[in-house]
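Here is the structure we will look at, set down as structure tokens.
What follows is calculated from the coordinates using simple rules that are stated; it is not laboratory data. Every value quoted in this text rests on a predicted model; they were computed, and no experiment measured them. Reconstructed Cβ throughout: ideal geometry from the backbone, glycine too, with neighbour counts over all protein chains shown.
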Amino acid sequence: MLKIEVDNINGKTESLYVFGERSILSELEVHNVLIDYSCRQGHCGSCILQLLSGDVMHEDCLVPLSPGEILACQAKPITDIKIGLRDFT
Ligand code: FES
């Protein structure tokens, strides 16, 4: 199994254990960690998250990403990962 670490809105780190078969967005939903999203198809960019450690594999990704950014709806973990919300500043 793979581990997804994510800080929740209270600033507490949650650890989710997944098989890596579903997108990170789907895994977060299954575990009741809600993030912004819209198209779910790699087009809109509203689901961008920061990858703080580990590696992911993207399926379709039509949004230009900065280093360290991932599209939650299209990325699947391939190692244990730590993710954070996008820094809009
Ligand atoms: S929800 Fe639109 S790119 Fe992920």
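A cut-off of 5 Å between modelled amide H atoms, ignoring neighbours fewer than 5 places along the same chain, links I48 with A72. Among the trypsin sites (Lys or Arg not before Pro) in segment 1-55, those placed in a DSSP loop whose Cβ has at most 13 other Cβ atoms within 10 Å are K12.
Taking the chain as a Gaussian network, Cα atoms linked when under 10 Å apart, which of G20, G68, G42 shows the biggest mean-square fluctuation? For the chain, modelled as a Gaussian network with Cα springs under 10 Å, the answer is G68.
Residue-wise HN-Hα couplings along segment 65-74, as the Karplus relation 6.51 cos²θ - 1.76 cosθ + 1.60 with θ = phi - 60° gives them from phi, are 10, 7, x, x, 9, 9, 9, 4, 6, 10 Hz; Gly and Pro carry x. Comparing I35, I70, I24 in a Gaussian network model of the chain (Cα springs below 10 Å), the most mobile by mean-square fluctuation is I35. With a simple spin-label model that places each label point 7 Å from the Cα along the Cα-to-Cβ direction, the separation between D80 and Q50 comes to 2.1 nm.
Less than 5 angstrom separates the built amide H of E69 from those of L51, all sequence-distant by 5 or more or on a different chain. Taking 0.36 nm per residue of sequence separation and removing the Cα-Cα distance, the E69/K3 pair yields an extension gain of 21.9 nm. Given labels modelled 7 Å from the Cα in the Cβ direction, how far is it in nm from H31 to D60? About 2.7 nm, to one decimal.
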